[in-house]
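Comments concern the structure below.
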Amino acid sequence: GDGRVTSELKELSEKLNVSGKIVWVGKVPHSKVSLYMNGFDLAIILKNPRTPGSPIKLFEYMACGVPIVATNDIDFKHYQESTYPIELADYESPNDIADKIDIVVSKYCQDDYNSGMKSNTRSWQDVYDDLNDYLVRKYMS
């Protein structure tokens with residue numbers, strides 16, 4: 001999107017000489033967000049563990065079949081025990097976050113893995129249906 005730190009992040013990407021590896025798409029219509037998510041090699045959720053909140057973004061990434069690096073907090077710990085590709089990192093440790101990204105990239109960001117997990121044509125309805133099925137199986141059975 002175009003959040004409050006977008007300009008800072010763009011400057012930082014220039015400073016780190018990685019700006020050519022980043023696509024800044026700006027605000028995306030809700031109906032198109034799942035199409036962008038399906039293009040992700042991995043998703044990163046760095047949520048402060050002291051801030052309560054729903055892990056809805058986690059469910060969206062899971063429904064799109066995207067491997068995840070997330071903060072090691074109570075909202076995400078349960079999902080690491082599943083068979084879903086998620087690695088949890090210490091929110092306070094940039095080195096641990098980088099290590100977990102390396103693990104996800106080496107284990108899950110390969111063509112043979114991604115071809116079985118992701119589909120670039122999933123709509124929000126597909127994401128909703130998968131998420132709903134997952135939650136019903138998890139909490140209603």
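The values are calculated or read from the model by the stated rules, or taken from the named source; none is laboratory data. Please read all numbers here as calculations on a predicted model, not as lab measurements. Cβ atoms come from the backbone with ideal geometry, glycine included; neighbour counts cover every protein chain shown. Each accessible area value is taken on the protein alone, full model and side chains, heavy atoms only, with ligands, DNA and RNA left out. Shrake-Rupley method; radii C 1.70, N 1.55, O 1.52, S 1.80 Å.
Annotation note: Cβ proximity below 8 Å between a residue of segment 2-13 that is within 15 Å of VAL25 (Cα to Cα) and modelled with pLDDT of 85 or more and a residue that is of a type outside the set (Asp, Glu) and open to solvent by less than 80 Å² (accessible area, probe 1.4 Å) (sequence gap 6+ or interchain) occurs for LYS10/SER19; SER13/SER19; SER13/ILE22. Count of segment 53-69 residues, restricted to those that are modelled with pLDDT of 80 or more, of a type outside the set (A, V, I, L, M, F, W, C) and in a loop (DSSP other than H, G, I, E, B), is 2. Taking every residue in segment 34-51 that is within 21 Å of VAL105 (Cβ to Cβ) and pairing it with any residue that is modelled with pLDDT of 85 or more and outside any loop (DSSP other than H, G, I, E, B), at least 6 positions away or on another chain, the pairs with Cβ-Cβ distances below 6 Å are LEU42/VAL104; ALA43/TYR61; ALA43/ILE68; ILE44/VAL69; ILE45/ALA70; LEU46/THR71; LYS47/THR71. When LEU46 is tested against the conditions (1) within 14 Å of the chain's Cα centre (by Cα); (2) at pLDDT 85 or above; (3) surrounded by 13 or more Cβ atoms within 10 Å (Cβ to Cβ), the lone failure is (3). The residue pairs whose first member lies in segment 86-103 and is within 9 Å of VAL69 (Cβ to Cβ) and part of a helix (DSSP H, G or I), whose second member is open to solvent by 40 Å² or more (accessible area, probe 1.4 Å) and of a type in the set (Val, Ile, Thr), and whose beta carbons are closer than 8 Å, counting only pairs six or more residues apart or on different chains, are ILE97/ILE44; ILE101/ILE44.
Listed here are the residues, each with its yes/no results for (1) over 20 Å from PHE59 (Cα atoms); (2) open to solvent by 50 Å² or more (accessible area, probe 1.4 Å); (3) at pLDDT 80 or above.
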position	(1), (2), (3)
ASP96	yes, no, yes
LYS100	no, no, yes
ILE103	yes, yes, yes
SER106	yes, yes, yes
ASP112	yes, yes, no
LYS118	no, no, no
ARG122	no, no, no
ASP126	no, yes, no
ASP129	no, yes, no
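Flag set for ASP41, criterion: in contact with a Cys (Cβ under 9 Å, 6 or more places away or on another chain) and acidic (Asp, Glu). Going by what's in this entry, would PHE59 be described as touching a residue at least 60 places away in the same chain (Cβ under 8 Å) and either farther than 19 Å from LYS107 by Cα or loosely packed, with under 15 Cβ neighbours inside 10 Å (or both)? Against the criterion (touching a residue at least 60 places away in the same chain (Cβ under 8 Å) and either farther than 19 Å from LYS107 by Cα or loosely packed, with under 15 Cβ neighbours inside 10 Å (or both)), PHE59 qualifies. Is at least one residue of segment 66-77 in contact (Cβ under 8 Å) with a residue 12 or more places away in the chain and open to solvent by 70 Å² or more (accessible area, probe 1.4 Å)? Within segment 66-77 (the criterion being in contact (Cβ under 8 Å) with a residue 12 or more places away in the chain and open to solvent by 70 Å² or more (accessible area, probe 1.4 Å)), the answer is yes, since at least one residue qualifies. Scanning segment 7-39 for residues that are basic (Lys, Arg), in a helix (DSSP H, G or I) and open to solvent by 90 Å² or more (accessible area, probe 1.4 Å) gives LYS15, LYS21, LYS32.
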